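Trainee: Quick one: the structure is below, and I'll ask about it shortly.
Rule-based calculations on the coordinates, nothing more; no lab input. Just so we're clear, the structure is a prediction, and the values are computed from it rather than from any experiment. Cβ coordinates were reconstructed from backbone atoms using ideal geometry, including for glycine residues, and neighbour counts include every protein chain displayed.
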Amino acid sequence: MPTTAPAPGLADVTASDSTLRRFLHGLPGVDAVGLEARAASLGTRSIKTTAKAYALDLAISMVDLTTLEGADTPGKVRALGAKAVHPDPTDRTAPTTAAVCVYPDMVAVAKEAVAGSGVKVASVATAFPAGRASLAVKLADVREAVAAGADEVDMVIDRGAFLAGNYMKVYDEIVAVKEACGTSARLKVIFETGELSTYDNIRRASWLGMLAGADFIKTSTGKVAVNATPANTLLMLEAVRDFRAQTGVQVGVKPAGGIRTAKDAIKFLVLVNETAGEDWLDNHWFRFGASSLLNDLLMQRQKLATGRYSGPDYVTVD
Amino acid sequence: MSDARLSVFKTYKLYVGGKFPRSESGRVYEVTDSKGKWLANAPLSSRKDARDAVVAARKAFGAWSGATAYNRGQILYRIAEMLEGRRDQYVAEVADAEGLSKSKASLQVDAAIDRWVWYAGWTDKIAQVVGGGNPVAGPFFNLSSPEPTGVVAVLAPQESSFLGLVSVVAPVIATGNTAVVIASEKSPLPALSLGEVLATSDLPGGVVNVLSGRTAEIAAPLAAHQDVNAIDLAGADEALAKELEIAAADNLKRVLRPQPVDDWSATPGTERLTAFLETKTVWHPTGSLGASGSSY
């Protein structure tokens, strides 16, 4: 398989603004037509019976069950936590989800709701979703989330600075946030791919995020028109594969927003397997940022178990 | 240049969610007239087509059941108007399907159009007939009103391909239910053509979904489907009806068993309208009791 990795010697690319820019602009351009065609052709795989059962359970275990609304109440977060711990109350063999994802002020509530279950609590931070705040405010946001017990922090990059070509500013911010996360919280870096305009920019952002120490790279906030697509996720999977080949450091990927059906989720899992490889088929390295997806996964799971089509009356209303 | 024109064959397709898809399975089967002459290929639906149709019907249910009864009546009447305009086509299709003469087929089609009009009139009257105020021993207004059951799977009659079809579909949607209809297995063409009329009659997409194929194959997943609220077994034979009723018991579906019907030409009465209705009863306080003990 042709590699899209740059030449070795990554240590000095972040030495200055100009070396970073030279490196990012030196990344090979993305063949947009080829990328979309490959993502579409991998989406045509037929996954049935036992493979489907495996894929559904794996997908459930990878869901970051998310509620990021202005109207979130402690009650709603507790309900979400209960659902994350027991996704299908009628079938205790259903795996737990990977995490619940909430705003920083709800972390403590979420933490209590999932205590002892192994479900992690992720918190968005850094002035999510716009990211338009000073670094001091962003870092305070992160520290508050970590102090409240967040196991994972989802930060947004400064898209304005990125699009203006001010890569070093974006890099420094990620490094600072990573430091604020300390050793206890894993850092997910959200690019908001829908605002980056081009595939080339997504590839550059992926490398920038990984160079700055991201544990996960994440497509989007779910708050804009274009969210995770198979093509941009495939592109990011190529980036993490090449990054590990070059540096030995494995980075996770999280597509978020717009993935609503079990069928779509399974297509993403095929992309993961065929691009990054089996090592990423684990909720430590791949996640779905979603809320309504879980219900469809559960209905499909019930269909496989009972042989009859399930309906929305048999899963929770969120 | 010769006068002979190449014949333009019609591709019969399903009607699901307001669109005309082919079967997801890509299969078709041959439809013949009563003498065995080939008429057309019809889609041979799979259980996935049935599932997609249920999703479409569920999606349409909120808006259709929430529409005013008056509005539903107007739309049902509009369907009758559109059928009238394509009367000749239906006469030809019914004559082919059932082996009738043109004049006998015309009677069938006329009766079917009249039946749409008849049910259109019922939409805003059924509540007065089956609902009402109940006398109760207390200071309450106690009111019962009928509400649609939900998504109804309809097995259309096998023999009467058009009048029978209309007689089972119209009452289901008149009261605000949405329907997944399995056309007559042997003669599905009038039902598939009905989709074309429904699509141009202001009927929201998904309120009626028409599938063609093997009745037993499509009905089984519908009877077991947890998101289907009722099933009309008009087109099932005795053995199939029994099997489907057992499957339907799992989520307590309403089941309308096959009724003995001669030729569907008799005035139907309200049985089919009321078969797929639920009754909602509301207790409303009449207000504070006066000194005399009366609240009126």
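Trainee: Just to be sure I understand: with springs between alpha-carbon atoms less than 10 Å apart, which residue in A:T90, A:T229, A:T221 has the highest mean-square fluctuation in the Gaussian network model of chain A?
Mentor: Result: A:T90 has the largest fluctuation of those listed.
Trainee: Let me confirm one metric for peptide A:304-316, namely the mean number of other chain beta-carbon atoms within 10 Å of its residues' beta-carbons.
Mentor: 4
Trainee: If you average the C-alpha positions of the range B:181-233 and of the range A:74-100 separately, how far apart do those two centres end up, in angstrom?
Mentor: 37
Trainee: Which of the lysines could be linked to B:K186 by a straight reach, that is with a Cα gap under 30 Å, when you skip same-chain ones fewer than 8 residues away?
Mentor: Counting by Cα, and skipping residues close in sequence, B:K186 has these lysines nearby: B:K10, B:K13, B:K19, B:K35, B:K37, B:K48, B:K59, B:K102, B:K104, B:K242, B:K253.
Trainee: When N is the residue count of the range B:208-270, what does its C-alpha Rg come to as a fraction of 2.2 N^0.38 Å?
Mentor: 1.17
Trainee: Three principal axis extents, largest first, for the C-alpha atoms of the range A:4-145, in Å?
Mentor: Largest to smallest, the principal-axis extents are 54, 48, 27 Å.
Trainee: In Å, what is the Rg of the alpha-carbon atoms in the range A:227-318, and how long is Dmax?
Mentor: Every Cα atom of the range A:227-318 included, Rg and Dmax give 15.1, 49 Å.
Trainee: Next question, about the same structure. Calculate the tail of P(r) for the range B:28-285: the fraction of all Cα-Cα distances greater than 32 Å, expressed in %.
Mentor: Considering the range B:28-285, 20 percent of its Cα-Cα pairs are separated by more than 32 Å.
Trainee: Under 8 Å for C-alpha pairs, at least 6 residues apart: give me the relative contact order for the range A:134-234, rounded to a whole percent.
Mentor: Relative contact order comes out at 28 percent.
Trainee: May I ask for the equivalent-ellipsoid semi-axes of the range A:101-216, computed as the square root of five times each C-alpha gyration tensor eigenvalue and listed largest first in whole Å?
Mentor: After diagonalising the Cα gyration tensor, the semi-axes are 25, 14, 12 Å.
Trainee: Out of B:W122, A:S291, B:T286, whose Cα points farthest toward the positive end of the dipole of the protein assembly as shown (charges: +1 Lys, Arg; -1 Asp, Glu; placed on Cβ)?
Mentor: A:S291
Trainee: Which lysines, if any, have their Cα less than 27 Å from the Cα of A:K218, not counting same-chain residues under 8 positions apart?
Mentor: Excluding near neighbours in sequence, the set is A:K52, A:K76, A:K83, A:K111, A:K120, A:K138, A:K169, A:K178, A:K188, A:K254, A:K263, A:K267.
Trainee: Here's something else I'd like to know. From zero up to wherever the largest Cα-Cα distance of chain A sits, split into 10 Å bins and tell me the percent of pairs in each.
Mentor: 6, 28, 35, 22, 7, 1, 0
Trainee: About the Cα centre of chain A, what is the dipole size in debye to 20, counting +1 per Lys and Arg Cβ and -1 per Asp and Glu Cβ, all else neutral?
Mentor: 520
Trainee: So what's the angle, to the nearest 10 degrees on a 0 to 90 scale, between helix B:87-98 and the longest Cα principal axis of chain B?
Mentor: The angle comes out near 80 degrees.
Trainee: What does the convex hull of the alpha-carbon atoms of the range B:1-148 project to on average, in nm²?
Mentor: The number I arrive at for the range B:1-148 is 14.3 nm².
Trainee: Follow-up question, since we're still on this one. Give the whole-number value, in cubic angstrom per residue, of the convex hull volume spanned by the C-alpha atoms of the range B:129-179.
Mentor: Convex hull of Cα atoms, per residue: 96 Å³.
Trainee: In a solvent-free Debye calculation with one equal scatterer on each Cα, what is log10 I(q)/I(0) for the protein assembly as shown at q = 0.05 Å⁻¹, listed in the order of the q values?
Mentor: -0.32
Trainee: Given charges of +1 on the Cβ of Lys and Arg and -1 on the Cβ of Asp and Glu, with all other atoms neutral, how large is the dipole of the protein assembly as shown about its Cα centre, in debye to the nearest 20?
Mentor: In total the dipole reaches around 380 debye.
Trainee: Okay, moving on. Compare B:L107, B:L189, B:L273 in a GNM of chain B, Cα atoms joined below 10 Å, and give the one with the largest fluctuation.
Mentor: Most flexible of the set in this elastic network: B:L107.
Trainee: Relative contact order (percent) for the range B:146-296, with alpha-carbon contacts under 8 angstrom and 6 or more residues of separation?
Mentor: 29 percent.
Trainee: Which of B:G176, B:G235, B:G132 ends up with the largest GNM mean-square fluctuation for chain B, with Cα atoms connected below 10 Å?
Mentor: B:G132
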